[in-house]
1. Which percent of the accessible heavy-atom area of segment 84-240 goes to carbon and sulfur, probe 1.4 angstrom?
2. Mind checking which aspartates and glutamates have their Cα closer than 16 Å to the Cα of residue 16? Skip sequence neighbours fewer than 8 apart in that chain.
3. Under 12 Å Cα to Cα from residue 208, which aspartates and glutamates show up? Leave out anything in the same chain fewer than 8 places away.
4. Contour minus end-to-end for residue 3 and residue 190, with contour as 0.36 nm per residue of separation and end-to-end as the Cα-Cα distance?
5. Say each of residue 133 and residue 222 gets a label point 7 Å from the Cα, pointing the same way as Cα to Cβ; how far apart are those two points in nm?
6. Quick one: give the max-minus-min coordinate of the C-alpha atoms of segment 4-256 along each principal axis, largest first, in Å.
7. In segment 20-153, if the dipole is taken from +1 on Lys/Arg beta carbons and -1 on Asp/Glu beta carbons about the Cα centre, which of 89, 43, 63 is farthest to the positive end?
8. Within segment 4-256, what percent of beta bridges assigned by DSSP are antiparallel, to the nearest 5?
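The values are calculated or read from the model by the stated rules, or taken from the named source; none is laboratory data. Just so we're clear, the structure is a prediction, and the values are computed from it rather than from any experiment. Because the Cβ atoms are built from the backbone with ideal geometry, glycine has one as well, and the counts that use them run over all protein chains shown. These area figures cover heavy atoms from the full protein model, side chains too; ligands, DNA and RNA do not enter into them. Shrake-Rupley method; radii C 1.70, N 1.55, O 1.52, S 1.80 Å.
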Amino acid sequence: MTDASKDIVSVRSLTKSYGATVVLKGVDFSVARGEIHALLGGNGAGKSTLIRVITGTAAKDGGELVFRDMAGNILTEADGRRKVAVVHQELALLPHLTVAENIALPHFRKGSRVYDGRTAASQAYAALSMIDRDFAGTALNRLVGDLSLHEGQMVEIARALSSGAELILLDEPTANLTAAETERLFGVLRKLTRENGLSVVFVSHRMKEIRQIAHVCSIIRDGRTVVGNVPTAELSDLAIIEHMGQAQATAVAHSARPAPVASLSDEPLTIAETGFSVTLQPGTILGVAGAPAGPKP
Ligand SMILES: Nc1ncnc2c1ncn2[C@@H]1O[C@H](COP(=O)(O)OP(=O)(O)O)[C@@H](O)[C@H]1O
Ligand SMILES: [Mg+2]
């Protein structure tokens with residue numbers, strides 16, 4: 001049993017419909033402080049909707065949504081949401097402003113405080129250097145529109161930290177990153193959870209990534225929780241695939257499967273007269289190309 005007072009957010013029997021479409025049919029989900037929690041489920045399972053309800057972008061129809069402070073006291077939804085930030089696949093940064101301006105602007109938004117470039121720069125530097133000191137040293141005056149997606153994510157995370165976020169929800173953040181950028185993002189998430197007690201919810205379809213980064217996982221299927229808060233190490237790839245449902249099995253199995261290698265097997269596909277054989281995994285498409293044979297010498 002987990003101790004609910006340690007959860008920064010928890011939902012129980014959460015329901016949400018869009019018109020006649022019932023999207024969340026009773027979701028249970030909770031995130032403890034300092035953990036990296038993989039939120040899994042096939043396309044259309046309701047992951048993004050759950051994130052929207054937690055952040056308040058969408059209103060719940062029924063069920064319970066509870067935010068707590070570090071001492072375990074229940075917060076109002078408004079106070080709880082101030083501790084939550086989301087990093088979408090499409091970044092919510094202002095491309096024509098600098099990195100420092102993007103990170104610091106939320107501090108100046110409220111009330112009548114006048115924007116002050118030096119204060120902004122020091123706030124932005126403080127937040128960015130929690131993530132990456134080198135990047136903090138060089139990025140402050142760059143335009144956000146000139147950053148790579150990975151750098152933009154770093155800026156979004158820094159902005160979240162600067163605004164006091166204690167829980168960061170990343171909705172498929174690695175979908176368009178290179179392997180090296182994914183590694184760097186994971187390094188940042190590990191550091192922030194370990195050193196700053198941040199909690200992270202991470203949506204991904206890639207088995208390898210889930211294993212690399214997540215302490216625990218929850219799986220949603222067709223708007224219901226089918227696995228809640230189970231240590232990732234306790235679930236086999238196959239169990240995860242099965243819980244996610246048949247339609248999604250292919251996508252995850254594909255990313256979990258090692259790259260096909262040419263090898264001799266019981267039933268090799270032999271291409272005539274070349275002596276070349278290759279084993280085709282189910283679902284693999286083999287392209288064969290070659291120049292027409294020229295006249296024999
Ligand atoms: N604004 C909306 N209006 C109507 N249906 C929606 C809306 N947002 C999501 N849905 C539907 O809800 C289901 C779950 O969507 P979503 O939460 O985006 O799933 P996931 O992120 O797991 O892929 C999908 O069938 C989707 O079509
Ligand atoms: Mg989604």
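1. Details: 3720 of 7160 Å².
Roughly 52 percent of what the probe reaches on segment 84-240 is carbon or sulfur.
2. Within reach: 28, 61, 64, 222.
3. 183, 237
4. Stretched fully, the residue 3-residue 190 segment lengthens by 65.1 nm.
5. 5.3
6. In descending order, the Cα extents are 53, 39, 36 Å.
7. Positive-end residue among those listed: 63.
8. Rounded to the nearest five, the antiparallel share is 55 percent.
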